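See below for the structure under consideration.
The values are calculated or read from the model by the stated rules, or taken from the named source; none is laboratory data. Just so we're clear, the structure is a prediction, and the values are computed from it rather than from any experiment. These accessible areas exclude ligands, DNA and RNA; they are computed on the full protein's heavy atoms, side chains included. Shrake-Rupley method; radii C 1.70, N 1.55, O 1.52, S 1.80 Å.
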Amino acid sequence: MIDFEAELEKFQPSLEIERAEDAIYGNNTTDVTDLLQTILSANRGEADATKEWVEEK
């Protein structure tokens, strides 16, 4: 039988996962939804249509 309490005490988070989370959450690239919203806003003449698109580097 597995002693879950003992297993939880031995748990250590993976550094690779933490680095991956940082890369994912720190990514400010524009996705398709952002592009479509900007295009639709521009077609409606809304003021926020002039915001800059962020390009992936």
Residues (open to solvent by less than 80 Å² (accessible area, probe 1.4 Å) and at pLDDT 85 or above) located in the range 19-32: ALA20
Residue in the range 43-52 that is over 13 Å from the mean Cα position of the chain (by Cα), assigned to a helix (DSSP H, G or I) and at pLDDT 80 or above present: yes
